[in-house]
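The values are calculated or read from the model by the stated rules, or taken from the named source; none is laboratory data. Just so it is clear, the model here is predicted, and its values are computed rather than measured. Note: ideal-geometry Cβ built from the backbone for every residue, glycine included; neighbour counts use all protein chains shown. For accessibility, only protein heavy atoms count, side chains too; no ligands or nucleic acids. Shrake-Rupley method; radii C 1.70, N 1.55, O 1.52, S 1.80 Å.
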Amino acid sequence: MSDLVDLVLLFGRLSFVAFGGGIGILPEMERAVVGGHGWVTHQQFVDSYALSQVTPGPGMLMVVMIGYRAAGVPGALVAGLSMFGPTGALTWLVADRWSRLGDRPVMALIRGTLSPVALGLLSAGCFTLFRLGVGSVTASLVAAGAFAAVAGLKVSPALVVVAGAIVGMALLR
Amino acid sequence: MADDTTVAKQPTLFALFKAFLLIGMTSFGGGRSAYFQDALVTRRGWVTDEEFLEAVAVSQVLPGPNIGNLSAYLGQRLRGWVGSVIAVTCLTVPGGLAILGMAWLYFNGMPASITGPVGKGVAAAAAGLAAAAVVRLRGGAGSLGGWGIALLTFVLFGPLGWPILLVLAVCLPPSFVVAWSRRG
């Protein structure tokens, strides 16, 4: 029982300091779940991150695996809820208040302010993906093929990423 | 006008459920906002480029996992709080079940390294998908000044690796000036 409470407190707290995505909180998460609570070893922590990259949905679902190790299926559920629930509710609240402002001129101004910055943030995310994930000629060809398929041929991203996984199994050993 | 275009494009709850469930089941690799862009902007036209970029910015400004927030935000925009709950649930449950299955296999002896080659292929494809999403959303820059802001944001957050809050503190004020000057 106390493990469940600890999971709620830890992942709930971490979610509220995760600005700009989950990557930034990984060092602190590792200190807490490996050193502090001893739920997983360092290698298991690294592996849970790796496994979250080959399952669909948010990478932060890795906490489900840590929660499972700490307290079984209830732990997995509690870990996921704590990571996504409270900040999701906060985002809903902001979106709700925001949409009540309607289409006043000031909203167009705010949107015009946010758009270029968001485009830069997405480009930076793209940069990180290339830096971490595209390190060989084969990987470059996969990335270029994925880009062409989605941008040019309007192929569904789901099909493209499955094709990437198959190429990976065949060639990226 | 009250009956603006966003209302006209409002999907049914079931359509919202299907769209987010598909994203939840298929969004592999990093840069997952690319899947949202493709599904909600390009394919269904529920959200405009500018609305999408606004959603991305707000999701990053607020704390929490980015695409969890992005789902909550877009869900609210499309169908209120019920939309938020459906969006976040559909985004997280399929992957949550998948990783639970992975966890069970892993703690019963499956080495994580067997997923290595798959992960590499997925990571490379995801990089290409993210690039395609950026290209599609390029109109969000709006003007030469906007391109300058986008470039500055990119350099600070990408290659230089500044923390998000610092990046926003530096980039939002000049972006506001650019947006202000364009309204004429």
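Which three semi-axes in whole Å describe the equivalent ellipsoid of the protein assembly as shown, each the square root of 5 times a Cα gyration tensor eigenvalue, listed largest first?
31, 23, 20
Scaled against the 2.2 N^0.38 Å expected of a compact globular protein of N residues, the Cα radius of gyration of the stretch A:1-73 reads 1.02. Size of chain B: Rg and Dmax of its alpha carbons, in Å, are 18.4, 65. Think of chain B as a dipole: +1 on every Lys or Arg Cβ, -1 on every Asp or Glu Cβ, centred on the Cα centre; then among B:178, B:75, B:41, B:41 lies furthest on the positive end.
Determine the calculated [θ] at 222 nm for chain B from helices alone, applying -39500 (n - 2.57) to every DSSP H run no shorter than 4 residues and normalising by the residue count; nearest 500 deg cm²/dmol. Estimated from H runs of four or more residues: -23500 deg cm²/dmol. Of A:17, A:160, A:73, the residue with the greatest mean-square motion in the GNM of chain A, using alpha carbon springs below 10 Å, is A:160. Structure remark: mean-square fluctuation, Gaussian network model of chain A, C-alpha springs under 10 Å; the largest value among A:119, A:90, A:159 belongs to A:159. For the stretch A:47-173, rounded, prolate or oblate, judged on the Cα gyration tensor with a ≥ b ≥ c (square roots of eigenvalues), a/c < 1.5 rounded, else prolate if a/b > b/c? The shape class here is oblate. Once C-alpha pairs closer than 8 Å and six or more residues apart are averaged by separation and normalised to the residue number of chain B, the relative contact order reads 24 percent.
Summarise the accessible area of the protein assembly as shown (1.4 Å probe, protein heavy atoms) by the percent that is carbon and sulfur.
Its accessible area is 70 percent carbon and sulfur atoms.
Couplings 3J(HN,Hα) for the stretch B:75-81, derived from phi with the Karplus relation 6.51 cos²θ - 1.76 cosθ + 1.60 (θ = phi - 60°), are x, 4, 4, 7, 8, x, 5 Hz, where x marks Gly and Pro.
Charges were assigned to the Cβ only: +1 to each Lys and Arg, -1 to each Asp and Glu. The resulting dipole of the protein assembly as shown about its Cα centre is roughly 540 debye.
3J(HN,Hα) along the stretch B:141-158: 5, x, 7, 4, x, x, 4, x, 5, 4, 5, 4, 4, 4, 5, 5, 8, x Hz, from the Karplus curve 6.51 cos²θ - 1.76 cosθ + 1.60 with θ = phi - 60°, whole Hz, x for Gly and Pro. If you run the Gaussian network model on chain B, springs between alpha carbon atoms under 10 Å, then out of B:132, B:19, B:124 the most flexible one is B:124. Three principal axis extents of the stretch B:142-184 based on alpha-carbon atoms, in descending order, are 35, 17, 9 Å.
Centroid-to-centroid, using Cα positions, the stretch A:25-88 and the stretch A:110-155 are 27 Å apart. In the context of the full protein assembly, residue B:120 retains an accessible surface of approximately 110 Å², using a probe radius of 1.4 Å and ignoring ligands and nucleic acids.
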